Amino acid sequence: MHLKRLETRHCTRRPLVYSLGAAICFLVRLQIAPVSDTTTIASSLVCVIMFIVYICIKRQWAENFAGVLLVMAWVTSLLLVAAFTDGSNSPVMVLAPITPLMAALLRGKDWGWYSSIVIVLAIFLFGALEERGYYADASSLYAHLELDLYEFWLILAVLIGALIGHHMATENVQLSETLRRHARVDFLTGIPNRMSVNEALNNASRESKRNTNWMSVMMIDIDRFKLYNDINGHAAGDKVLRQVAEAFKEVLNRPYDFVGRYGGEEFSVILPKTDPEGARFVAERLRVSIEKLKIPYRASKKDEVVTVTVGLASAPGALDGRGDKLMKEADSALYTGKEYGRNRVIPTVLDQAGNLTTEEPR
């Protein structure tokens, strides 16, 4: 705890040290030559704005709006520097085309278009001010350019930047969705993995608590799977896992029924809106579906086939939303089934208070 407090103090003081160093550098700059040009003033203003944004994000004052703050601070700073210098002819406007790209990557494709619209409107405003002579030196400094043509190409570059940002943001969303989907799927069997099991359990528990519905959870283990691997090899064991997963998917045909690989040779089944009697019926069908596959342990003994043991737990309201407790009871029932000889269903029924009664195994 003491070390954590020291680290927190260090992280909090670091921005203050940086700002103190920046202030010292600025004072040294004042001693060398007075700050009178608008570019330096505008640049200082940009530093102040970006530093304020940094502090807000660092202290988590606007944790959910960090990307928005960065985009707004960047666009505001860019346009302020341009307004205080030469308008659309300011050197900083070379950064205008990449601004929508940055905004799109930080906050999504819509923000890329929002920032591009703001910049284009600012360019039109700068052009109007140039015609009125607000930027007196602009014509002489850029006499070799057609200012209207320059502004046209600048606007075109900004819109192209927004278009590229739109495309990249869309690709980023699709890639993130693909990665998120793959992260929740078991690579070997193609069914949801343990992360998805936990998410489905939490969601079903909340729904069961809200509507006071029955909810049933199963833990299923392939009997003597280590022995099967030792006899037939891991490649054959992987094939069995895929066959078991496919058989479970065929039995569970309701859209809200869930099956996932919990780990190793263990599978989890979540049945929302299912009372003990219905859950026992489904569990028995799952057990029989694996028995019917007739996968032999040894090629010489066809009568010794792969089977599963099912631990089942049911409760109304998911024990007041405690799906993890329901899963624990199902796991306990599974090991009870192993002790009684495997290839069977052990049902457990709990009431809302968590009191349980276990039927004798058959």
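Read the figures in this text as sums done on the coordinates, not as results from a lab. Model, not experiment: these values are computed from the prediction. Backbone-built Cβ (ideal geometry, glycine too); neighbour counts: all protein chains shown.
For the stretch 234-290 and the stretch 82-99, write down the distance between their C-alpha centroids in whole Å.
With the stretch 234-290 and the stretch 82-99 each reduced to a Cα centre, they are spaced 62 Å.
Between Asn213 and Val185, what is 0.36 nm times their sequence separation minus the Cα-Cα distance? Round to one decimal in nm.
Working it through step by step, the gained length comes to 7.3 nm.
If I stretch the segment between Asp110 and Thr170 completely, what's the gain in nm (0.36 nm per residue apart, minus their alpha carbon distance), one decimal?
So the extension gain works out to 20.6 nm.
Within the set of other residues whose C-beta is less than 12 Å from the C-beta of Asn198, count the net charge using Lys and Arg as +1 and Asp and Glu as -1.
Around Asn198, the surrounding residues sum to 0.
At each listed q (0.09, 0.14, 0.19, 0.20 Å⁻¹), what is the log10 of I(q)/I(0) that the Debye formula gives for the stretch 194-358 modelled as equal alpha-carbon point scatterers?
So the normalised log intensities are -0.28, -0.66, -1.13, -1.23.
For the stretch 194-358, how many pairs of lysine residues have a Cα-Cα distance under 22 Å, where the two are 8 or more positions apart or belong to different chains?
For the stretch 194-358, the number of qualifying lysine pairs is 26.
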